[in-house]
1. In terms of Cα to Cα distance under 23 Å, which lysines are near enough to residue 87, apart from those fewer than 8 places away along the same chain?
2. On a full-extension model of 0.36 nm per residue, what is the gain between residue 220 and residue 123, subtracting their alpha-carbon distance, rounded to one decimal in nm?
3. Once you place label points 7 Å from the Cα toward the Cβ at residue 247 and residue 90, how far apart are they in nm?
4. Are there any trypsin sites (Lys or Arg not before Pro) in the range 37-121 that are in a DSSP loop and have at most 16 other Cβ atoms within 10 Å? List them by number.
5. Given H placed on each backbone N at 1.01 Å, which residues far from residue 207 in sequence or on other chains put an amide H within less than 5 Å of it?
6. To make sure I understand the rule: partners must be lysines, Cα under 20 Å from the Cα of residue 222, and not fewer than 8 residues away in the same chain. Which ones qualify?
7. To make sure I understand the rule: partners must be aspartates and glutamates, Cα under 19 Å from the Cα of residue 208, and not fewer than 8 residues away in the same chain. Which ones qualify?
8. Using DSSP to call loops (not H, G, I, E or B), can you name the GluC sites (Glu not before Pro) in the range 58-163 whose Cβ has at most 16 other Cβ atoms within 10 angstrom?
Amino acid sequence: MQTPAATDPRFPWADRLEPRLLKSPWWIGHIPFAFELIGRLAPRTIVELGTYSGSSFAAFCQAVEAVGQGGHCYGVDLWEGDVHMGKFDDSLYQEIAGYVAQHHPGTATLVRKDFDTAARDFADGSIDLLHIDGTHTYEAVGNDFRTWLPKVSDRGVILFHDTNVTVENAGEAALRFGVRRLFDEVKGPYPHFEFTHCWGLGVLLVGKDVPPAVRELEALSKDPTFAAHFARKGEAVSKRFADMGVALPVHGAYPGQSPTAPPPGLLRRIVRRLLGSARAA
């Protein structure tokens, strides 16, 4: 039986919930922090740019329902792929659409549009939590930030995934990632903090009226035990996922290459890398 990660009375929401949907390893190490953040923020509207197979989105929905204040989650994606992930067939969208229709019918809306077009559907100042996790080139992330920043409310928080993608932990693919550079450029005017495990998560408190309970997280982040605690909690989620033996989605490469399944053993190599980075945090 798996031993649960240690609890910490400072972070009750991270201990209260267990993720229900684990479909890929890329983000799941941050789910405990997402639970804590949403519990404290009680967002009215969450928008995720880049929903992919839905692990982070489902966690957002689960937390919103646990908070019980009528928040709503919007997952924006074309579900067609990009320069990092290759091409997807329609089964990826159909699977997450079926899941949210069954489990989160009153909480979740999937928006199958490109990010710039979808931005027109949201009023300025309407989004309490924005998660930027689409195409990760410097140009794309910068455009997402500039386009969607006016949509964020005075209570708003922005998350950037993949702030810690390096050649050491991701190989040459990291050379096409610009999230680290963009996050460093925009974080200065705002209270912020960052996790380095699970390829990194940058947190910007951009609203002028962010709730005190959320501002407390930024203060607590200065204590080394803060990041270490959430890394350990994320490690437990990653290990659970590895033990489940879930098959990764099949992606097609860009033109001229055929769709391929992930190589045998890829999932366990990914998770071993995640567990190693968590222990180093």
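1. 23, 113
2. Roughly 31.7 nm would be gained on extension.
3. Once both label points are built, they end up 2.0 nm from each other.
4. 44, 112, 113, 120
5. 156
6. Qualifying lysines at Cα under 20 Å: 187, 233.
7. Of all the aspartates and glutamates, those that pass the test against residue 208 - Cα under 19 Å, at least 8 places apart if same chain - are 124, 128, 154, 216, 218.
8. Those satisfying the criteria are 80.
None of the figures in this text is laboratory data; all of them are computed from the coordinates on show. Here the structure is a predicted model, which means the values were calculated and not measured. Every residue, glycine as well, gets a Cβ built from its backbone with ideal geometry; the counts of neighbours run over all protein chains shown.
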